[in-house]
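K.L.:
The structure follows.
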Amino acid sequence: MGRNIVEKIVAAHLVGGSMVPGEEAALRIDQTLTQDATGTMAYLEFESMGLDRVKTERSVAYIDHNTLQSGFENADDHRYIQSVAKKHGIWFSRPGNGICHQVHLERFGVPGKTLIGSDSHTPTAGGLGMLAFGAGGLDVAVAMGGGAYYITMPKVIKVELSGALRPFVTAKDVSLEILRILSVKGGVGYVIEWGGEGVKTLSVPERATITNMGAELGATSSIFPSDEQTRKFLQAQGREGDFVPLASDPDAKYDRVIEIDLSALEPLIACPHMPDNVVTVSSLKGTKVDQVCIGSCTNSSLLDMLKAAALLKGRTIAPGVSLSVSPGSKQVLTMLADSGALSDILASGARLLECACGPCIGMGFSPNSGGVSLRTFNRNFLGRSGTADARVYLVSPETAVASAITGEITDPRTLGLDKIEVSLPERFKIDDSAVLPPASPEEAAEVEVLRGPNIKELPQGRALGDSVSAELTLKLGDNITTDHIMPAGAKILPYRSNIPKLSEFCFGVCDSSFPERAKAAGQSIIVGGANYGQGSSREHAALVPLYLGVRAVIAKSFARIHAANLVNAGILPLTFKDPADYDALKQGDRLALCGIDAGLESGTVYLQAGERRMELSCAFSPRQRAILRAGGLLNYTKEGHR
Ligand code: MIC
Ligand code: SF4
């Protein structure tokens with residue numbers, strides 16, 4: 001029987017488990033990436049596992065998130081990552097070189113290979129035909145050490161594209177359309193494989209915009225075939241040797257097929273505060289805009305920036321609007337400068353930010369109070385911009401520029417232009433001087449790892465007993481994101497390697513009294529609704545609750561990466577067998593989880609809440625059970641498992 005692309009890459013990398021959807025598959029990982037906000041923790045974990053030189057084909061440490069250095073903390077972490085990378089065989093992408101996913105696409109991604117990264121948007125590399133996953137830092141550390149990456153074998157949705165995008169309708173609108181169709185939880189348990197005749201019309205950077213936002217669907221990954229477009233892109237990056245063709249077999253099977261006619265799409269916009277809250281841009285015509293941001297790993301390619309520059313050329317932005325432009329990489333920025341397009345951007349009144357995540361993670365450029373911010377980014381969760389009452393909308397670069405010019409939400413097709421003439425260059429400007437190689441194995445022993453005073457001890461996982469008696473310290477609703485659990489932003493991110501300090505901000509968006517209450521309770525249980533933990537890969541959303549004494553999270557359902565991070569931290573993620581039980585629980589209840597030992601084998605544990613006895617599902621793979629019993633992946637690995 002024929003195979004789809006996902007099955008082909010999985011089959012070529014399977015080192016254990018099974019390819020049956022729903023069962024655990026162990027994959028050999030060819031490449032890893034980290035970024036600085038999760039990387040410090042990942043390398044501390046790597047060191048504490050006693051691992052030596054990475055065993056991957058390529059591992060890269062990027063500095064792109066914590067680039068505002070308003071104190072010593074971020075600079076110290078950067079220095080730590082640079083030194084630890086040098087010692088252990090990891091390439092180091094210096095601050096200023098760009099956003100991890102953009103640089104990885106340009107310089108390192110290889111079709112047909114596997115990649116895991118300590119960032120949820122790692123599947124961006126699927127635009128090049130890589131099978132790439134976002135993962136917690138611990139999983140990345142294990143993979144760097146040569147260990148397998150374990151996934152629940154996903155089902156595969158094929159999105160069959162036909163037609164071609166019309167002028168001013170973009171890859172971003174394709175991302176928003178699929179979010180409109182599937183919602184922020186519709187991709188859970190699936191890889192999205194993009195195919196059909198329409199695929200041929202999309203360049204690699206456009207494909208990467210689409211695979212990037214697969215993270216917002218909750219998908220395990222997203223992937224495109226590797227074809228002529230891929231070859232052209234790699235050739236222009238001076239990497240034609242990395243090209244391999246990759247296509248599904250004609251008789252490949254899919255679990256679901258969704259058809260999208262590219263020619264029928266129009267400009268779309270995601271409204272506050274969820275990426276799937278999608279309507280047409282024209283339906284919001286006239287809404288006043290305070291701020292516009294162009295950039296992020298979704299829309300910061302040279303193609304995006306050239307389009308923005310072409311639209312801004314000869315125009316000035318509205319007086320009430322503040323426009324920021326953050327190119328995705330040094331390559332993009334230098335090519336903008338060399339071509340003169342940067343002058344067009346600056347002449348319009350835009351503010352140029354460095355090649356980094358910046359406003360996307362609240363690292364500066366927060367909107368004004370109650371401000372309306374239009375962003376070409378991928379997430380618009382409440383409070384993420386750094387301004388609690390800001391209203392953030394997600395759009396394409398074309399819609400962003402049109403709105404910056406008029407000062408109100410504007411469909412770019414109404415600007416009176418026929419189209420924008422922009423194409424990819426025959427040859428990108430190649431300068432890898434900002435990527436520093438690791439020390440040779442012979443020199444590695446001499447490299448000193450430099451630690452700053454902000455680096456504190458890792459929280460210790462505790463082995464699970466047979467029962468847990470604890471208070472329900474927090475009850476939450478559906479779609480709780482990791483930005484709710486462990487907020488980010490310029491003020492909090494510098495403490496990513498200082499869990500005690502970071503814990504003061506846990507659940508700050510929902511209930512700022514939680515940290516104190518959890519500490520006072522000693523040990524506690526959290527209850528959530530559906531899709532608990534969606535969004536980022538930050539393992540801090542598990543490590544901080546662990547530090548605060550959380551032993552179990554009971555929810556209607558979990559997002560994939562967060563559930564894995566909870567297990568890795570030794571916290572039990574459990575689901576209600578009867579959703580009505582969720583309604584019967586209230587904050588402050590005394591709860592008793594019983595029969596954990598037997599439940600790990602049978603798949604059911606019991607929760608006693610007053611008079612009511614509830615059944616909770618506790619279905620884990622044998623490996624996950626062993627990790628939970630050991631009190632987390634760190635302990636499990638130290639016991640000698642790989
Ligand atoms: C995000 O976009 O939320 C982040 C910041 O890139 C996170 C990683 C982190 O929290 O450091 C992600 O997507 O995984
Ligand atoms: Fe950076 Fe934003 Fe992309 Fe996360 S989503 S990697 S913060 S640009």
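K.L.:
Go through segment 572-584 residue by residue and turn each phi into a ³J(HN,Hα) via Karplus (6.51, -1.76, 1.60, θ = phi - 60°); whole Hz please, and just put x for glycine and proline.
P.N.:
Listing the rounded values in order: 7, x, 10, 10, 5, 7, 10, x, 5, 4, 4, 5, 7 Hz.
K.L.:
Moving on. Does segment 131-220 come out rounded, prolate or oblate, given a ≥ b ≥ c as the square roots of the eigenvalues of its C-alpha gyration tensor, rounded meaning a/c under 1.5 and, failing that, prolate meaning a/b above b/c?
P.N.:
Prolate.
K.L.:
Return the Rg/Rh value of segment 40-104, two decimal places, where both radii are evaluated on C-alpha atoms and Rh is the Kirkwood radius.
P.N.:
0.97
K.L.:
With label points built 7 Å along Cα→Cβ from the Cα atoms of residue 617 and residue 251, find their separation and express it in nm.
P.N.:
Here the modelled spin labels are 3.4 nm apart.
K.L.:
Among 457-466, 132-141, what's the highest-first ranking by average C-beta atoms within 10 angstrom per residue?
P.N.:
The densest-packed peptide leads the list: 132-141, 457-466.
K.L.:
Something else about it: Round to a whole number: what % of the accessible area of the chain belongs to carbon and sulfur, probe 1.4 Å?
P.N.:
49 percent
K.L.:
Rounded to the nearest Å, what's the spacing between the alpha carbon centres of segment 617-642 and segment 425-490? Just the number, please.
P.N.:
Computed from Cα coordinates, the inter-centre distance equals 19 Å.
K.L.:
Antiparallel versus total DSSP beta bridges in the chain: what percent is that, nearest 5?
P.N.:
35 percent
K.L.:
How would you order 247-258, 277-288 from highest to lowest mean count of nearby Cβ atoms within 10 Å?
P.N.:
Result, highest mean first: 277-288, 247-258.
K.L.:
Give, in nm to one decimal, the length gained when the segment between residue 244 and residue 462 is fully stretched (0.36 nm per residue of separation minus the Cα-Cα distance). Walk me through the numbers before you get to the answer.
P.N.:
Working: separation 218, 0.36 × 218 = 78.48 nm, distance 4.58 nm.
Working it through step by step, the gained length comes to 73.9 nm.
K.L.:
Before anything else, pin down the relative contact order of segment 511-642: Cα pairs under 8 Å, at least 6 apart, normalised by residue count, whole percent.
P.N.:
Relative contact order here is 21 percent.
K.L.:
Now for a separate question. With all pairs of different alpha carbon atoms counted, what Kirkwood hydrodynamic radius in Å does the chain show?
P.N.:
24.6 Å
K.L.:
What is the distance in Å between the Cα centroid of segment 262-306 and that of segment 8-84?
P.N.:
One Cα centre to the other: 31 Å.
K.L.:
With θ taken as phi - 60° and the coefficients 6.51, -1.76 and 1.60, list the Karplus ³J(HN,Hα) couplings across segment 262-269 in order, rounded to whole Hz; mark glycine and proline as x.
P.N.:
For segment 262-269, the Karplus-derived couplings read 4, 5, 9, 7, 10, x, 10, 8 Hz, x marking Gly and Pro.
K.L.:
OK, next. Residue by residue, what Karplus-based ³J(HN,Hα) values in Hz, rounded to whole numbers, does segment 26-43 have, using 6.51, -1.76 and 1.60 with θ = phi - 60° and x for Gly and Pro?
P.N.:
Calculated HN-Hα couplings, in order: 9, 10, 6, 10, 7, 9, 10, 9, 10, 10, 6, 5, 10, x, 4, 5, 4, 6 Hz.
K.L.:
If you count only protein heavy atoms and use a 1.4 Å probe, how large is the accessible surface of residue 360, to the nearest 10 Å²?
P.N.:
10 Å²
K.L.:
Please state the relative contact order of segment 395-522 as a whole percent: Cα pairs under 8 Å, 6+ residues apart?
P.N.:
17 percent
K.L.:
If you place +1 on the Cβ of every Lys and Arg, -1 on the Cβ of every Asp and Glu, and leave all else neutral, what size is the dipole of segment 1-86 about its Cα centre, to the nearest 20 Debye? Let's see the in-between values first.
P.N.:
Details: 8 positive and 13 negative charges, 88 e Å.
That gives a dipole near 420 debye.
K.L.:
Using packing as a proxy for protection, rank 44-50, 389-395, 223-229 so that the peptide with the highest average count of other Cβ atoms within 10 Å comes first.
P.N.:
Taking the mean over residues of other Cβ atoms within 10 Å, the ranking is 389-395, 223-229, 44-50.
K.L.:
Further, regarding this structure: Below 8 Å, C-alpha to C-alpha, sequence gap of six or more: please give me the relative contact order for the chain in percent.
P.N.:
14 percent
K.L.:
A further question on this structure: Can you give me the Cα centroid spacing of segment 375-409 and segment 552-566 in angstrom?
P.N.:
That distance is 29 Å.
K.L.:
Can you give the FRET efficiency for residue 79 and residue 164, using 1/(1 + (r/R0)^6), R0 = 51 Å, r = Cβ-Cβ distance, to the nearest 0.05?
P.N.:
Rounded to the nearest 0.05, the efficiency is 0.60.
K.L.:
Let me ask something else about it. Could you please tell me the mean projected area of the C-alpha convex hull for segment 486-540, averaged over all directions and given in square nanometres to one decimal? If you can, show how the numbers build up before the last one.
P.N.:
On the way: hull surface 17.3 nm².
Taking the Cα atoms of segment 486-540, their convex hull projects to 4.3 nm² on average.
K.L.:
Right, another one. If each of residue 18 and residue 586 carries a label point 7 Å out from its Cα toward its Cβ, how far apart are those two points in nm?
P.N.:
For the pair residue 18/residue 586, the computed spacing is 4.5 nm.
The values are calculated or read from the model by the stated rules, or taken from the named source; none is laboratory data. This one's a predicted model, so the numbers in the text were calculated from it and none came from an experiment. All Cβ positions, even for glycine, are placed from backbone atoms using ideal geometry, and neighbour counts span all protein chains on display. The accessibility values were calculated without ligands, DNA or RNA, using every heavy atom of the protein model including side chains. Shrake-Rupley method; radii C 1.70, N 1.55, O 1.52, S 1.80 Å.
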